[in-house]
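The values are calculated or read from the model by the stated rules, or taken from the named source; none is laboratory data. Predicted model, so just to flag it, every value in this text is computed and none were measured. Quick reminder, even Gly has a Cβ in these numbers, built from the backbone with ideal geometry, and neighbours come from all protein chains shown.
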Amino acid sequence: MTQSVQKILSAIFILAFSFSSSGQNIYVSPDGNDKNNGTREKPLASFAKAKGLAQKAPVDKSVNVVFKDGIYYLPETILFTPEDSRDPASPITYRAEHEGKAVLSGGLSLKLDWKPWQKGIFKAKVPDNITIDQLYINGTRQRMARFPNAVTGKNVFDTWALNHNAKADSLTDPLVKNRIKGWKNPEDGYIHAMHSYLWGDMHWKIQGRNQDGTLKYEGGWQNNRPSEMHPLYRMVENVFEELDVAGEWFYNTREHTLYYLPASGTDLKTAKVEVVRLRHLVEFNGSKEKPVQGITLKGFVFRHTARTFMDNKEPLLRSDWTVYRGGAVFFNGAENCTISDCEFDQVGGNTIFVNNYNRRITIRGCYIHHSGANGIAFVGDPATVRNPLFRYGNQDFKNLDKTPGPKGDNFPEDCLVEDCLITMTGRDEKQTAPIHISVSHKIRVNHCSIYDVPRAGININEGTFGGHIVENCDIFNTVLETGDHGSFNSWGRDRFWTPEINETVAEVAKEPTLPFLDIIEPNILRNNRWRCDHGWDIDLDDGSTSYRIYNNLLLKGGLKMREGYDRIASNNIIVNNSLHPHVWYQHSGDVFKNNIIFMAYRPAVMNKSIAQNGKWGKELDYNFFVSDQENKNRFNQNDCDKNSLNGDPLFADADKGDFSVKDASPALQTGFSNFDLMHFGVTKPALKALAKTPVIDKITINTETINYARGIVYTWLGALLKEPVGEELSAYGVGYDEAGVALVNFANGSQAAKLGFKNGDLIQKINGMKLKNIFELKEYLRNKTGDKKSFIFEVIRNQKIAVFTVNESLPPLSEVK
């Protein structure tokens, strides 16, 4: 028998053995051999070999590729192509034999000869061909040498507690010259800093030192609405001289030497040492014409992928965000593929990225934690969007394409995230979310628990193309390291939108369909529990349009609805808070009814739209106020709540989170009806046992009418003066530590308008003097009365700085009793 015939017969034997009518399994083991036939008794060793064998399976039979317990260090990314596809009727499943026991790693295990160096630090030589971005000791990621050092219990960069009034401190600032001069080779390092308004973060690679002793660096492109570094929240990493606390390490690339300061009790002789090699572990690479189909990944642990913060450069559509298109698992051109019952443990960048054309991708029963960037991101192709803008700014209405909907279909559609626990994402990149949606259609998120994250729990990037559903989720402990955001966050900034409110109103008056050109179906938020202690529970920002929000329990931050159209919020319970209407358009079509709320509405810049005529939205009525009658009637002049009621809603057991109302509740008379309040979040038993739940604050029910003390009201130049504070500053696009005096409620013919002011201007400086409040404006003008010198005003207008000069004397403030 010739050698070639032997090979053919051998191949036939293997296929017959592995794919008989009853045996359609291929087995893989860390102790296997790729020369084996893939049976349970003779398993293969590698994912790649098993994938190649699976391609030969009969197309009319389902296939299981079973991975025995152990770690599979991938030499390269696993690539699924159309050649790996299966018909959905006979799919292929790559699965762990025992859930959570088969690890797919993009790292490498190192056997090192550690030797003591100094000050408790050990060092070891590393092979020359290895780069180290992350170091794991006994399965836990260690920290690069850094300053300031991490502090247990802190949140921003694991160093500072969040404080909106934080100021620079030379003892904690890593960029002071006295500290920099002590660094021998700073070009190995990175600078990480928060946005000055806490709108995410930015990162730089240090390139060296300037002659004046400052650092030379490149980067900062990770925020699409950039700013200077935050004066306090910044940190330098990967500098050898900052290796000074247990758990920190530094890799000298010139000497190929790893330095590590172990924690007490760590025995480096027996410790498992792993480093990261790959950015992506698994990729699905197909196209609309030839998609990857019918593949499931089940029961694996995914671990050890490289950080990608310096590659996060692409500006997202109409967004403050940028993105790196990649992840531990990367879908590009796939259909009917699933990831189920998997754990993603400490991956360095995005966890799962669904890129451009994908259909019916399902992610179910997964535990995602300690990811460097996003949890699950759905991001389509901006080329499918008409009139795409990539920065905050004005629209060109004269040349606007008014064709509804997308230009193509190169975006994710009909995808599902279900029964997933996602926590502690954004470890390295703060302008991220556990679930992020951009240029996508009909993404459904169901029964997920999401918490302990730096920014939103779920972020929808713009109105293209809507149809998303978020339901039965438990989302809390969000916006822990940033500001001006919510547990749910969205913006529109679609074709109809511009920062100039009245320009939008005028254009929509001419073309009423403008707000609905990009969002082709409403987004739905229903039957969820939300809590945000550092922002809003639900934040519909900057033109968010066409939302249906019902049967939600909001525990802390309330509901913000900034300018937009066609939002209907009904049958929600907003505990210890209320509706925050910000900058509504004339004829917005907004509806807020049949809700239970605890206080008066909290408006911001609601008189800016032309011809508002005092009326807010289409209908704000038939609500139940858990407060006094004064709160219920506070905005009757805006045609609000003429049929609303107030009193004790008779909650069933609010202290235990059951805010359903009893049969005798007067809230039922307003049209409110009970909904399920006890089954939020994950349902999978293993995940439910791990999942946290939100704090339920004590509520106080006081329905006695209170005579509110009214402070002095001031007018100036025919305008009403106001001091925006706290969350209201979001309407002006400034940080919580900013201040100023707003001019509102003045007519076009008023003196304020004639001098160049516009409704809603927030004065921050006069002749270079920072203005904090109305009292300082009053005192400044009192001292300058009769002075003929010019007044240079710096104001915030449409979330941008505007500067103009008034060349005449200005009158003092007037009191209104």
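Structure notes:
- Tabulated pairs, segment 720-736, first at pLDDT 85 or above, second part of a helix (DSSP H, G or I) and surrounded by fewer than 19 Cβ atoms within 10 Å (Cβ to Cβ), C-beta under 8 angstrom, 6+ apart or interchain: none
- Among residues of segment 533-559 being of a type in the set (Gly, Ala, Ser) and over 16 Å from ARG602 (Cβ atoms), the one that is surrounded by the fewest Cβ atoms within 10 Å (Cβ to Cβ) is SER546.
- Residue, surrounded by the fewest Cβ atoms within 10 Å (Cβ to Cβ), within segment 228-244, restricted to residues that are of a type outside the set (Asp, Glu) and farther than 19 Å from ILE132 by Cβ: PRO231
- Leading residue by the ranking (farthest from GLU630 (Cα to Cα)) among those in segment 645-668 that are outside any loop (DSSP other than H, G, I, E, B) and polar (S, T, N, Q): SER660
- Any hit, segment 318-332, residues being closer than 21 Å to ASP87 by Cβ, surrounded by fewer than 21 Cβ atoms within 10 Å (Cβ to Cβ) and touching a residue at least 12 places away in the same chain (Cβ under 8 Å): yes
- Residue among ASP428, ASP419 that is closer than 30 Å to PRO82 by Cβ, buried (at least 19 other Cβ atoms within 10 Å of the Cβ) and acidic (Asp, Glu): ASP419
- No other residue among GLY457, GLY467 is under 25 Å from LYS154 (Cβ atoms) and of a type in the set (Gly, Ala, Ser) apart from GLY457.
- Restricted to segment 267-292, and to residues there that are among the β-branched types (Val, Ile, Thr) and more than 29 Å from the chain's Cα centre (by Cα), the residue that is nearest to TYR136 (Cα to Cα) is VAL273.
- Just one of the listed residues (ASP641, ASP621) is surrounded by 24 or more Cβ atoms within 10 Å (Cβ to Cβ) and either farther than 30 Å from HIS441 by Cα or among the acidic types (Asp, Glu) (or both), and it is ASP641.
- Counted residues, segment 253-286 - those being among the acidic types (Asp, Glu) and assigned to a strand (DSSP E or B): 2
- Selection status of CYS366, in contact with a helix residue (DSSP H, G or I) (Cβ under 9 Å, 6 or more places away or on another chain), modelled with pLDDT of 95 or more and over 15 Å from PHE330 (Cα atoms): yes
- Residue-level check: of (1) touching a residue at least 12 places away in the same chain (Cβ under 8 Å); (2) more than 30 Å from the chain's Cα centre (by Cα), ILE137 misses just (2).
- ALA509 being more than 24 Å from LEU579 (Cα to Cα) and either outside any helix (DSSP H, G or I) or out of contact with any Phe, Trp or Tyr (no Cβ under 9 Å at 6 or more places or on another chain) (or both): yes
- Selection count, segment 731-770, where residues are assigned to a loop (DSSP other than H, G, I, E, B), touching a strand residue (DSSP E or B) at 6+ places or on another chain (Cβ under 8 Å) and within 21 Å of ASP484 (Cβ to Cβ): 7
- When residues of segment 615-644 are limited to those that are in a loop (DSSP other than H, G, I, E, B) and acidic (Asp, Glu), the one modelled with the highest pLDDT: ASP641
Each row is one residue, and each column tells you yes or no for (1) of a type outside the set (A, V, I, L, M, F, W, C); (2) assigned by TED's automatic domain parsing to the domain that holds ALA600.
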position: ALA652; (1), (2): no, yes
position: PHE659; (1), (2): no, yes
position: ALA664; (1), (2): no, yes
position: THR670; (1), (2): yes, yes
position: THR683; (1), (2): yes, yes
position: GLY740; (1), (2): yes, no
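- Looking only at segment 362-380, residues that are under 17 Å from the mean Cα position of the chain (by Cα), part of a loop (DSSP other than H, G, I, E, B) and either buried (at least 24 other Cβ atoms within 10 Å of the Cβ) or free of Cβ contacts under 8 Å to residues at least 60 places away in the same chain (or both) come to 6 in all.
- Contacts under 7 angstrom Cβ, first residue in segment 491-505 being outside the structural domain of GLY405 (by TED's automatic domain parsing) and more than 13 Å from ASN387 (Cβ to Cβ), partner assigned to a loop (DSSP other than H, G, I, E, B) and modelled with pLDDT of 95 or more, 6 or more apart: none
This table checks each residue for (1) under 30 Å from ASN350 (Cα atoms); (2) out of contact with any Phe, Trp or Tyr (no Cβ under 9 Å at 6 or more places or on another chain); (3) modelled with pLDDT of 95 or more.
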{"residue": "LEU15", "(1), (2), (3)": "no, yes, no"}
{"residue": "GLY23", "(1), (2), (3)": "no, no, no"}
{"residue": "ASP31", "(1), (2), (3)": "no, yes, yes"}
{"residue": "GLY38", "(1), (2), (3)": "no, no, yes"}
{"residue": "ASP87", "(1), (2), (3)": "yes, yes, no"}
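Per-residue answers, yes or no, for (1) aliphatic (A, V, I, L, M); (2) in contact with a helix residue (DSSP H, G or I) (Cβ under 9 Å, 6 or more places away or on another chain):
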{"residue": "HIS582", "(1), (2)": "no, yes"}
{"residue": "VAL591", "(1), (2)": "yes, no"}
{"residue": "MET599", "(1), (2)": "yes, yes"}
{"residue": "GLU619", "(1), (2)": "no, no"}
{"residue": "LYS632", "(1), (2)": "no, no"}
{"residue": "ASP641", "(1), (2)": "no, yes"}
{"residue": "ALA652", "(1), (2)": "yes, no"}
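- Within segment 342-361, the set of residues being outside any strand (DSSP E or B) and surrounded by fewer than 22 Cβ atoms within 10 Å (Cβ to Cβ) comprises GLN346, ARG360.
- As for segment 786-809, it holds no residue that is closer than 17 Å to TYR714 by Cα, polar (S, T, N, Q) and either in the same structural domain as TRP584 (by TED's automatic domain parsing) or surrounded by fewer than 19 Cβ atoms within 10 Å (Cβ to Cβ) (or both).
- Scanning segment 136-173 for residues that are farther than 16 Å from MET424 by Cα and among the β-branched types (Val, Ile, Thr) turns up ILE137, VAL151, THR172.
- Per the listing ILE450, ILE437, the residue uniquely within 27 Å of ASP341 (Cα to Cα), out of contact with any Asp or Glu (no Cβ under 8 Å at 6 or more places or on another chain) and crowded, with 24+ Cβ neighbours inside 10 Å is ILE437.
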